[in-house]
Each structure stands twice: as C-alpha cells, then as structure tokens.
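One structure, as structure tokens, below. Some questions next.
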Amino acid sequence: MTPTDPRDRLRWIDNLPFWGVHLAAIAGLAWLGWSWTGFWIALVAYVVRLFAITAGYHRYFSHRAYKTSRAFQLVLAVLGLTSTQKGPLWWAAHHRIHHKYSDQPGDLHSVRQRGFWWAHMFWILVERNAKADHDKIKDLTKYPELRFVDRHAIWFTVAYATALFLIGGWTALIWGYFVSTVVLWHGTFTINSLSHVWGWRRYRTTDDSVNNPLLAILTLGEGWHNNHHYYQRSARQGFYWWEVDLSFYVLKLLEVFHVVWDVQGVPRHVRDHRPAAPVDAEGAEAIAPTAR
Ligand SMILES: [Zn+2]
Ligand SMILES: [Zn+2]
C-alpha cells in the first residue's frame, strides 16, 4: 500500500456531503448565533447517538460484548445510523480489521503507519475503504433487516434531520443535526487518532493504544482504549471503578430491565495481569486473551 495507490486518493465528489455538513454547521451557527436551547438539543443528540455508536456499533456489533434481542439490535442500528457514520455492517467490518492488525501493516487507520490525520478521518474518505468486506461480519449479515438498513444508511440521516426541522425548525436542525453531528464525528474519530497517541499505557499491547480520562468522558468510556485493545470482549472499557465509562453504566441499567444480557466484564486475573517484558507481534496471543 502506497500513498499514490489510486484507491487511497480522496474521493472529493463523493465526500462533498462530509465537508458540506461541516460548512453547514459553521454557517448555521454564524447565522443563528448562540442559543442555550440549541446547545441542549445538540448535547442530547450527541449523547444519545454516541451511545448508539459506542454501545451499539462498537461494543455490540463489532465485539459482541453482550447479548440482546433482535428488536433492540435493530433499535441500536437505527439510532447509530442517525449519526451518519455509515451502517453497522460497514462500521463493524472495518473495526474488526483494526483490531486484527492494530498498528501493524494492514491496519486501516493507524497513526503509526499512515499519520495522525489519516487515522483520524482520511481513511474513511478513500475508495479502498468505501465498501465493507462481508466475510468479516457473517454473524451480522445473516439478519436481512441489518443488511437493509446498512444499504440504505443515508435515508436514516435524512429522516432524522427532517424530523428535527419539522419539530423544532432551524434551531433544532442546525444544532441537533449539523453541529451535533460534526462534534460527534470528531469525538468518535479521536478513538482512532488521539487514543493511539495521547495518554498512558497500562498494558503492553502490540499497538500504541492509550488510556486517557478526558477522552473517556468525551466519548462515553471509549477513551480507556488501551484497556480495550488488551481485552476486547469486555463490555466495560473502564476496568476500575474510578475509570468512568458511561456507556457501560447504561448497559448495566438496561441489563436490570432485561433489555440486554450476558454483559461481559473483565476477569480480575486478566485485569491485574501485567506482562513484565515488552511483547512483540509473535507474543501477542499471550497478552491479548481474545481475538476480537
Ligand atoms: Zn474495538
Ligand atoms: Zn484502536
């Protein structure tokens, strides 16, 4: 893979909506001015949709870290689709590749391999990663409803934005979709960029993943990224009580009401294990107890 590979060129025409949402957010704010109502709409839209990404797209669809009903699985998918991060199948297929290669050659978004901004967002905007490899997600593609919503992803964004406008006019649309979505995008992207750069490492995984409490707050728990790379099957990424992980708390609450179940934790002996020596790629299995 080289930077001059045609499949790694930015698809400027296809990506116009991506840049357009950024522009609309800035222009909309300049036009409407500051609004506390707008701020709260944006915050609620951020938190609810980010939960669908962290607990849904990531911990459920990508890692199967807990179980739920087919109906709630679809609810998570549809909520996630309103965040305009493509569908759950696309998301999970690419994320599983990240964990398979984790900062080694073959990783789709590695700061070490391709630089910070590539890992942050440009990897999404190239031809190479436009489609999902369905061989990576056979456990998900067996559900026709997931294949359907994934194929028609953009219409869920359109429906969400239209509903905001009909209910709350321009304020709801600009703050609840455009501003909230731009912050949500870049909040999510930090997991692939900053969470492999800025923080501290508890576990000597074969990648550069780090833990960072500030990123963990902003991303509902995903900033405990070194923990996550170390033990991916856990639905909690904050391994200790002081490692705030809002997505996990909501999952535990949903478990009380039997909406989700078999919520995986991290066994104490795995959590407290600290390899004494640096681990190379061949030694990865010794410190990475799960494949995904
Ligand atoms: Zn992951
Ligand atoms: Zn990572």
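Derivation of every value follows stated rules applied to the coordinates shown; laboratory data play no part. Here the structure is a predicted model, which means the values were calculated and not measured. Reconstructed Cβ throughout: ideal geometry from the backbone, glycine too, with neighbour counts over all protein chains shown.
What is the distance in Å between the Cα centres of the stretch 179-216 and the stretch 57-95?
20
Give the long-range amide H neighbours of W224: residues separated by 5 or more places, or on another chain, with amide H under 5 Å away, using H modelled in the peptide plane at 1.01 Å from N.
Residues meeting the amide H criterion: N212.
Given a Förster radius of 22 Å and the C-beta distance between R147 and Y249 as r, what FRET efficiency does 1/(1 + (r/R0)^6) yield to the nearest 0.05? All intermediate terms of the calculation are to be shown ahead of the outcome.
Details: r = 31 Å, r/R0 = 1.43.
Taking R0 as 22 Å, the efficiency between R147 and Y249 is 0.10.
Residues in the stretch 210-235 near a label at R112, defined as backbone nitrogen under 15 Å from the 7 Å Cα→Cβ point?
Taking a point 7 Å out along Cα→Cβ of R112, the residues of the stretch 210-235 whose backbone N falls under 15 Å are 210-211, 226-227, 229-230.
Set the Förster distance to 51 Å, then compute FRET efficiency between T162 and R204 from the Cβ-Cβ distance, nearest 0.05. Walk me through the numbers on the way to the answer.
Numbers: r = 49 Å, r/R0 = 0.96.
Computed FRET efficiency for T162 and R204: 0.55.
Using amide H atoms built 1.01 Å from N in the peptide plane, name the residues 5+ places from R202, or on other chains, whose amide H lies under 5 Å from its own.
The answer is N211.
Taking 0.36 nm per residue of separation and subtracting the Cα-Cα distance, what length does fully extending D272 through T37 add? Write down the numbers at each step before the final one.
Values: separation 235, 0.36 × 235 = 84.60 nm, distance 4.51 nm.
Residue separation times 0.36 nm, minus the Cα-Cα distance, leaves 80.1 nm.
For H22 and L10 in one chain, what is 0.36 nm times their gap in residues minus the Cα-Cα distance, to one decimal in nm? Walk me through the numbers before you get to the answer.
On the way: separation 12, 0.36 × 12 = 4.32 nm, distance 1.69 nm.
Fully extending the segment from H22 to L10 adds 2.6 nm.
On to the next question. Percent of Cα-Cα pairs per 5 Å bin, from 0 to the last occupied bin, for the stretch 6-287, please list those.
1, 6, 11, 16, 18, 18, 14, 9, 4, 2, 1, 0
Let me ask you something else. Using just the helices of the chain, give the 222 nm mean residue ellipticity in deg cm²/dmol: DSSP H runs with n ≥ 4 each add -39,500 (n - 2.57), and the total is spread over all residues, rounded to 500.
One gets -14500 deg cm²/dmol as the mean residue ellipticity at 222 nm.
Hey, can you grab everything whose amide H is under 5 Å from the amide H of V260? Only 5+ residues off in sequence or another chain; H modelled, so Pro and N-termini drop out.
Here E255 satisfy the definition.
Output ³J(HN,Hα) for the stretch 102-115: one whole-Hz value per residue in order, computed from phi by the Karplus curve 6.51 cos²θ - 1.76 cosθ + 1.60 with θ = phi - 60°, and x for Gly and Pro.
Working through the residues one at a time gives 5, 6, 9, x, x, 5, 6, 9, 10, 4, 4, 7, 10, x Hz.
Within the stretch 6-287, count lysine pairs with alpha carbon atoms under 23 angstrom apart where the residues are 8 or more positions apart or belong to different chains.
16
Expressed in nm to one decimal, what extension gain is obtained for the pair I217 and W241 from 0.36 nm per residue of sequence separation less their Cα-Cα distance? List each step's numbers first, then the result.
Details: separation 24, 0.36 × 24 = 8.64 nm, distance 1.39 nm.
Going from the current span to full extension adds 7.2 nm.
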